[in-house]
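Asks: Have a look at this one.
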Amino acid sequence: MSRIRLLEDDELSPEVRTQVEQLEASGADASVLRALAHRQEMFDEYFRFYYPAHQGGLVEPDLKELVRLKIARLNDCFT
């Protein structure tokens, strides 16, 4: 269970709601975005850092995601 309350659709800014809808439409979990939406500046910084780091580089994005999930699991974070 999340320690930070995840915002509902009607609580999201239009920009955040668009991102959440796109992510959920692809079948992905948008919990992180719903949590970050409490602070717009954190949401913006997340996208400025995470997506270039996740999509770029030599390591495939799928492997990066598996590593992220393993680290989360080792820290008892079930994301």
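The values are calculated or read from the model by the stated rules, or taken from the named source; none is laboratory data. As the structure is a prediction and not an experimental result, all values here were calculated from the model. Glycine gets a Cβ as well: all are built from the backbone with ideal geometry, and neighbour counts include every protein chain shown.
Asks: Filter segment 20-39 down to the residues that are farther than 23 Å from CYS77 by Cα and either surrounded by 10 or more Cβ atoms within 10 Å (Cβ to Cβ) or of a type in the set (Lys, Arg) (or both) and list them by number.
Replies: Result: GLU21, GLN22.
Asks: Let me ask you something else. Starting from segment 27-55, keep only residues that are without any contact (Cβ under 8 Å) to a residue 24 or more places away in the chain, then list their pairs with residues that are surrounded by 12 or more Cβ atoms within 10 Å (Cβ to Cβ) and aromatic (Phe, Trp, Tyr) whose Cβ atoms are within a distance under 6 Å, requiring at least 6 positions of separation or different chains.
Replies: Pairs that qualify, where the first residue is without any contact (Cβ under 8 Å) to a residue 24 or more places away in the chain and the partner is surrounded by 12 or more Cβ atoms within 10 Å (Cβ to Cβ) and aromatic (Phe, Trp, Tyr), are LEU36/PHE43; LEU36/TYR46.
Asks: Applying the selection to segment 52-65, what residues are surrounded by fewer than 11 Cβ atoms within 10 Å (Cβ to Cβ) and not small (Gly, Ala, Ser)?
Replies: PRO52, GLN55, LEU58, VAL59, GLU60, ASP62, LEU63
Asks: Would you pick out the residues in segment 28-63 that are among the small types (Gly, Ala, Ser) and on the phi < 0 side of the Ramachandran plot? If you could, list the steps in order and put the result at the bottom.
Replies: If we filter segment 28-63 for residues that are among the small types (Gly, Ala, Ser), which is where we start, we get 28, 30-31, 35, 37, 53, 56-57.
Hits for segment 28-63 are ALA28, ALA30, SER31, ALA35, ALA37, ALA53, GLY56.
Asks: Would you mind telling me which numbered condition in (1) at pLDDT 90 or above; (2) assigned to a helix (DSSP H, G or I); (3) among the aliphatic types (A, V, I, L, M) LEU7 fails?
Replies: (2)
Asks: Still on this structure, I have one more. Test of understanding: among GLU65, GLU60, GLU41, GLU45, which residue is more than 30 Å from ASP10 (Cα to Cα) and among the acidic types (Asp, Glu)?
Replies: From the options GLU65, GLU60, GLU41, GLU45, the qualifying one is GLU60.
Asks: With the requirement that a residue be of a type in the set (D, E, K, R), outside any helix (DSSP H, G or I) and within 23 Å of ARG5 (Cα to Cα), what does segment 16-74 give you?
Replies: The answer is ASP29, ARG39.
Asks: Tell me yes or no: at least one residue of segment 61-75 is of a type in the set (Val, Ile, Thr) and over 12 Å from the mean Cα position of the chain (by Cα).
Replies: yes
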